[in-house]
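A short write-up of the structure that comes next.
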Amino acid sequence: MLWNRPLMIALCAGLLALTWWRLQPEDEEVRRSQLLMGTVVEIMAVGRETAQVEGAVDAAFAEMARLEQLLSSYQPDSDISRLSQEGNDFEVAQETAAVLEMGLDVARHSNGAFDMTLGRLKLLWGFDTDHPAVPDEEQISAALVGIGPDALGLKDRHVSKRNPQLQLDLGGIAKGYAVDRAIAILKQHGIESAAVNAGGDIYLLGKRDNRPWRIGIQHPRQKAAVLETVRISNHAVVTSGDYERFFEQGGQRYHHIFDPKSGYPARKCQSVTIIADSVALGDALATAAFVMGPQAGLQLLSRYPGTEGLIIAADGSRFSSPGWANYLGAP
């Protein structure tokens, strides 16, 4: 959970809520939310004319809705649903290919810790239903057959699957890509200051009151506590945590971030926060680092220039990348 004072961004159930924004006299603010990609998406934008800002926000939402039709596994005619159902050499849209290319890059650099081929496994655990539960080991083993970075082939816009039963899930990257595209649309419409949040995948454009946005990162074990405050401008902030979606069974916490090697929730971290140029990249890296653990996760981040991270290990200890400190301090 992230928030800003005096501008507060409270990520409660994925909702970004504005409580106060001091505008310049000539500024016009538009704030609007929609349900897209399985979460609440909120866009706040500031400009000189109301019509300009309204048009920019409309266009940004339209772009995100268009991408949902391509990338969501819950849309029966999306590229991802069709990829899961059909055979090899399937031609996808350019946007789908771009997301798959980025995801495969992170998958390979993380030795499979980030995996877009976990569709069958995620369905088994049922986190998108009202009654998630622990599957039996035989079901988990079967769902892991044929997955991994080499399970997908991508050449130009043509995608092939090594295992016909493979099911894709882009939940760890698609929302971030949609936020990136929304920001690009806002820029095209002349917007210089905005915030776009899709269920915790956030990009902060420009500045607020001529200062970087101040963002507080929620403590993974203390709901009302701020773990760290960072200053952000023209960057993405993404957090993956074991407190976001979970259930308890037999005294054990089970959450929605899976280790592809075991098929069970990853156990090395409590939370990972990534600051990056791209929300999609930050999203994928946060998932990968969460699975890999602090030391290996920080090594992964070092392969992506301009990307910084704060990792809270399973025992509560803190690890951060060398450039993380550049985002700390008073505004």
- Message: Looking only at region 80-98, count every residue that is open to solvent by 10 Å² or more (accessible area, probe 1.4 Å) and at pLDDT 95 or above and tell me the total.
- Response: 4
- Among residues of region 76-90 being in a helix (DSSP H, G or I) and touching a residue at least 12 places away in the same chain (Cβ under 8 Å), the residue nearest to the chain's Cα centre (by Cα) is I80
- Task: Look through region 232-264, keep the residues that are more than 22 Å from L118 (Cα to Cα), modelled with pLDDT of 95 or more and not hydrophobic (A, V, I, L, M, F, W, C), and return whichever of them is most open to solvent (accessible area, probe 1.4 Å).
- Result: N234
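Among the residues of region 61-68, is any outside any loop (DSSP other than H, G, I, E, B), modelled with pLDDT of 95 or more, over 30 Å from I217 (Cβ atoms) and of a type in the set (K, R)?
Going residue by residue through region 61-68, those that are outside any loop (DSSP other than H, G, I, E, B) are 61-68.
Now narrow it down to the ones that are modelled with pLDDT of 95 or more: 61-68.
After this cut, where a residue has to be over 30 Å from I217 (Cβ atoms) as well, the list is 62, 66.
So of that shortlist, the ones also of a type in the set (K, R) come out as 66.
Yes, some residue in region 61-68 is outside any loop (DSSP other than H, G, I, E, B), modelled with pLDDT of 95 or more, over 30 Å from I217 (Cβ atoms) and of a type in the set (K, R).
Within the group R214, R221, which residue is among the charged types (D, E, K, R), within 24 Å of C269 (Cα to Cα) and outside any helix (DSSP H, G or I)? Spell out how you get there, then give the answer.
Working: R214 fails: within 24 Å of C269 (Cα to Cα).
On inspection, the qualifying residue turns out to be R221.
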- Item | Residue satisfying all of: in region 36-71; touching a Ser or Thr at 6+ places or on another chain (Cβ under 9 Å) and open to solvent by 20 Å² or more (accessible area, probe 1.4 Å); farthest from P164 (Cα to Cα) among these | V40
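Which residue out of G329, G293 is modelled with pLDDT under 95 and surrounded by fewer than 23 Cβ atoms within 10 Å (Cβ to Cβ)? Give the derivation first.
Numbers: G293 fails: modelled with pLDDT under 95.
That would be G329, the only listed residue that is modelled with pLDDT under 95 and surrounded by fewer than 23 Cβ atoms within 10 Å (Cβ to Cβ).
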- Select from region 241-263 the residues that are of a type outside the set (D, E, K, R), in a loop (DSSP other than H, G, I, E, B) and over 21 Å from H109 (Cα atoms) and list them in ascending order. Y243, G250, G251, H256
- Query: What number of residues within region 273-305 are farther than 20 Å from A195 by Cβ and assigned to a loop (DSSP other than H, G, I, E, B)?
  - Reply: 5
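The values are calculated or read from the model by the stated rules, or taken from the named source; none is laboratory data. These numbers were taken from a predicted model, which means no experiment stands behind them. Here the Cβ is made from the backbone with ideal geometry for all residues, glycine too, and neighbour counts use every protein chain on show. For accessibility, only protein heavy atoms count, side chains too; no ligands or nucleic acids. Shrake-Rupley method; radii C 1.70, N 1.55, O 1.52, S 1.80 Å.
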